[in-house]
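Okay, so here's the structure we're looking at.
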Amino acid sequence: MRVLDVAAVSAWSAACVHSLSVLRPSIDGINVYPVADADTGSNLLFTMTAARDALAAAEPEDTAGALSAFAKGAVAAAKGNSGVIMSQVVRGIAETAAGRELDGPGLAAALECADRAATGAVSRPVAGTILTVLHTVAAAVRDATGSLEEVAATAASVAAEALEETPKQLPVLAVAGVVDAGARGLVAVLDALSGVISGGVTEPEHPLEAHHHHTIEAPTAWEVMYLLDGVDEKSLPALRKTLSGLGDSVTVAGDGAGGFAVHVHCADIGAALEAGIALGRPRKVRVEPLLTPTPVEVGAGIDRSVVAVVHGGPLAELLRAEGVAVLSVPQGVSPTVEEMLGLINEAAGHHVTVLPGGRRLTAAADAAAGHAMAADRDVVVIPCVSPVQVLAALAVHDPDRRTNDDVVAMAEAAAATRRGELRIAQEESLTWVGRAQAGDVVGLVDGEVVLIEPAPASETNLVAAAVSVLNRMLALGGELVTVLTGVDAPVRLPGELADQLRLEHPEIELTSYAGGQSDAVLLMGVE
């Protein structure tokens with residue numbers, strides 16, 4: 001039974017460098033965030049070359065020692081987001097080798113460990129990237145019982161297939177007509193591993209045509225990287241949160257020996273360094289300018305997108321079914337700057353219209369729209385204080401209309417939608433229409449309390465309260481009523497409400513959806 005030995009690890013490190021050097025022009029050409037010195041070598045090539053040299057200097061006696069030296073060298077020299085993630089791939093394999101031989105099942109377990117390590121290092125994993133390909137590989141070889149050669153060959157083959165799917169998973173790749181650069185590098189690394197194990201060809205397969213970015217602009221954002229020592233691992237979530245408030249592409253990757261590689265794309269270099277100083281000892285600081293990609297030209301593909309940020313899983317799925325990219329955050333939680341930048345920057349096209357389903361979500365969207373990391377996008381936020389206004393805006397969205405006219409139409413539709421709510425009082429409170437006790441049904445129109453239905457919040461009481469609220473809203477006119485049910489809404493409530501409205505307002509069209517919000521039993525919109 002063949003196992004991965006020191007000689008194979010050494011050969012693999014050399015094959016990785018050779019493969020990545022051959023692919024370097026292509027990988028540099030498809031970087032989403034190309035850096036100023038991209039022509040001198042890709043981030044992946046730089047990282048793996050340093051890892052190879054660290055392995056050669058260590059002169060290890062066993063496989064675990066060889067992979068550990070390889071991983072530490074990769075973490076210490078990790079350059080760029082993809083370089084940091086690749087260092088975690090090697091680290092995950094090294095951690096598995098410390099406890100077992102890397103035969104076929106051992107390599108399968110190592111790839112699963114690599115998947116966990118790489119994903120855990122990234123603050124906000126993104127579909128269609130190196131992480132997606134790695135996760136697909138790990139899932140494909142899970143519980144594999146074949147030989148080392150078979151598992152390695154399967155991993156390389158599955159990675160190549162997964163790579164071809166990445167443009168379907170990330171709109172910016174589809175628009176540019178390329179695959180993810182980091183994912184392409186991972187395929188080369190797994191091809192090299194399979195070739196070394198089988199004794200076959202280690203030349204990179206699946207040649208890739210480059211799509212180069214020719215526009216050179218003054219940088220408004222930076223890629224900040226440094227090593228961090230002396231930090232308590234319990235502080236890492238706080239570090240990731242702080243960095244996520246500064247920009248995107250946040251990774252904090254460990255080397256397995258107490259050291260961490262920190263990486264972030266941001267506009268404030270000093271703040272990124274101060275975040276590390278507050279927790280440990282930064283060293284080997286590297287800062288490089290980020291050059292924004294050339295915007296997609298109108299007529300060259302998708303030139304604009306509409307995205308949304310909302311609370312509630314069912315509502316998010318409803319919007320995704322309409323072809324809208326959605327960021328779903330828990331009730332009462334505001335999205336981080338990194339999450340909002342990810343939503344904006346991963347959308348296709350130069351113009352991005354953001355539909356936020358609440359006041360706090362609107363504030364978060366406004367903050368991201370003015371961020372330096374979104375400077376290459378034309379971002380317009382349509383203020384919405386309720387998800388029903390998001391639905392109203394989408395109902396009039398027309399991708400064939402001129403961009404400005406479409407934005408105006410969506411903004412007018414959102415502003416013209418009156419909004420009602422039914423909530424269950426959580427505690428005693430004094431309102432304009434009287435005192436509400438805990439458990440009472442409280443009805444609101446445009447944020448103002450208009451009725452209180454005494455507890456309990458039965459289906460009958462909820463229907464009566466909803467009809468009463470809608471009667472007030474419809475008194476000013478309206479043709480279409482949209483209802484979003486919350487997680488606590490009775491299953492039969494939408495049907496009972498529809499029957500009652502049909503009796504009192506047969507001229508009104510009612511549409512009900514599951515919203516999944518936890519703060520309101522019903523959200524209602526009148527257009």
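The values are calculated or read from the model by the stated rules, or taken from the named source; none is laboratory data. The model shown is predicted, which means the values in this text are computed figures rather than measured ones. Quick reminder, even Gly has a Cβ in these numbers, built from the backbone with ideal geometry, and neighbours come from all protein chains shown. Note: accessible area is taken over every heavy atom of the protein model, side chains too, but ligands, DNA and RNA are not part of it. Shrake-Rupley method; radii C 1.70, N 1.55, O 1.52, S 1.80 Å.
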Per the list (1) under 20 Å from residue 125 (Cα atoms); (2) open to solvent by 20 Å² or more (accessible area, probe 1.4 Å); (3) at pLDDT 90 or above, residue check on residue 82 breaks on (3)
Which of the following residues is buried (at least 19 other Cβ atoms within 10 Å of the Cβ) and at pLDDT below 90: 120, 128?
128
Within the stretch 419-432, can you find the residues that are part of a strand (DSSP E or B) and either under 18 Å from residue 521 (Cβ atoms) or among the β-branched types (Val, Ile, Thr) (or both)?
419, 420, 421, 422, 423, 424, 429, 431
Give the number of residues within the stretch 369-408 that are part of a loop (DSSP other than H, G, I, E, B), among the charged types (D, E, K, R) and more than 23 Å from the chain's Cα centre (by Cα).
4
Determine whether residue 435 is in a strand (DSSP E or B), touching a residue at least 24 places away in the same chain (Cβ under 8 Å), open to solvent by 30 Å² or more (accessible area, probe 1.4 Å) and more than 30 Å from residue 344 (Cα to Cα).
no
Can you find even one residue in the stretch 129-138 that is aliphatic (A, V, I, L, M) and touching a Cys at 6+ places or on another chain (Cβ under 9 Å)?
yes
Would you check if there is a residue in the stretch 211-220 being more than 20 Å from residue 88 (Cβ to Cβ), part of a loop (DSSP other than H, G, I, E, B) and modelled with pLDDT of 85 or more?
no
Within the stretch 395-425, the residues that are loosely packed, with under 12 Cβ neighbours inside 10 Å and not basic (Lys, Arg) are 398, 400, 404, 405
Among the numbered criteria (1) closer than 22 Å to residue 195 by Cα; (2) surrounded by fewer than 19 Cβ atoms within 10 Å (Cβ to Cβ), which one does residue 155 miss?
(2)
Qualifying positions in the stretch 346-357 - open to solvent by less than 20 Å² (accessible area, probe 1.4 Å) and not β-branched (Val, Ile, Thr)
347, 348, 349, 351, 355, 356, 357
So which of 483, 491 ends up being β-branched (Val, Ile, Thr), open to solvent by 10 Å² or more (accessible area, probe 1.4 Å) and either under 24 Å from residue 440 (Cβ atoms) or not in a strand (DSSP E or B) (or both)?
491
Can you confirm whether the stretch 445-467 contains a residue that is under 19 Å from residue 319 (Cβ atoms), open to solvent by 20 Å² or more (accessible area, probe 1.4 Å) and at pLDDT 90 or above?
no
Would you mind stating whether residue 189 is in a helix (DSSP H, G or I), closer than 15 Å to residue 84 by Cα and modelled with pLDDT of 85 or more?
yes
Among 451, 470, 476, 422, which is the only one that is over 20 Å from residue 394 (Cβ atoms), touching a helix residue (DSSP H, G or I) at 6+ places or on another chain (Cβ under 6 Å) and touching a residue at least 40 places away in the same chain (Cβ under 8 Å)?
422
Anything in the stretch 38-62 that is open to solvent by 30 Å² or more (accessible area, probe 1.4 Å) and of a type in the set (Val, Ile, Thr)? List them, or say none.
40, 49
